[in-house]
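Quick note: the coordinates plus some simple rules give every number you see, no bench work behind them. Everything quoted here is computed from the prediction, not taken from an experiment. Cβ atoms come from the backbone with ideal geometry, glycine included; neighbour counts cover every protein chain shown.
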Amino acid sequence: MSTQASGTRQGLLASLSALAATFVAIVQTRLDLLSIDLEEERAHVFSLLVWMLAALCCLAIGLLLGALLLVAVFWDTHRLLVLGSLAGFFLVVGVRLGLSSDTR
């Protein structure tokens, strides 16, 4: 009887050992998949950041050229008024954006 009980215990122990090994393999696979997903997401965020930086540079150059166009249009009549108005506008918008981005 003891050999039969001993064989059952060894079978149960082998089964639990195999179950634990399977569980460890599943966890390792899930961690590998998670690390791959994190790497892909990091690359996506970096790409998005580069595109946003390029868009912001283009927007800044467009605003600068638009301001220069307005100054050139009013050069003979009201150049100082236009320069002061544009400078005030950009300062107000910059301060407003700076304060609103600080709330997050």
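Dipole of the chain computed with +1 at Lys/Arg Cβ and -1 at Asp/Glu Cβ about the Cα centre; of Val82, Thr29, Met52, farthest Cα towards the positive end is Thr29. Across the alpha-carbon set of the range 28-104, the Rg to Rh ratio works out to 1.32, Rh being the Kirkwood radius.
Quick one: putting +1 on the C-beta of Lys and Arg, -1 on the C-beta of Asp and Glu, what dipole do you get for the chain around its Cα centre, in Debye to the nearest 20?
Charge dipole, the chain, about its Cα centre: 220 debye, nearest 20.
Taking the longest Cα principal axis of the chain as reference, the axis of helix 2-73 is set at about 10 degrees. Here is how the number arises for the chain: DSSP H runs of 4 or more residues each give -39500 (n - 2.57), the sum is divided by the residue count, and the result at 222 nm is -34000 deg cm²/dmol.
What angle, in degrees between 0 and 90 and rounded to the nearest 10, separates the Cα long axis of helix 79-101 from the longest principal axis of the Cα atoms of the chain? Once rounded, the angle reads 20 degrees. Computed over the chain with a Gaussian network model linking Cα atoms closer than 10 Å, the most mobile of Leu70, Leu12, Leu48 is Leu12. For the range 2-59, the Kirkwood estimate of hydrodynamic radius, built from reciprocal distances between every pair of different alpha carbons, is 15.5 Å.
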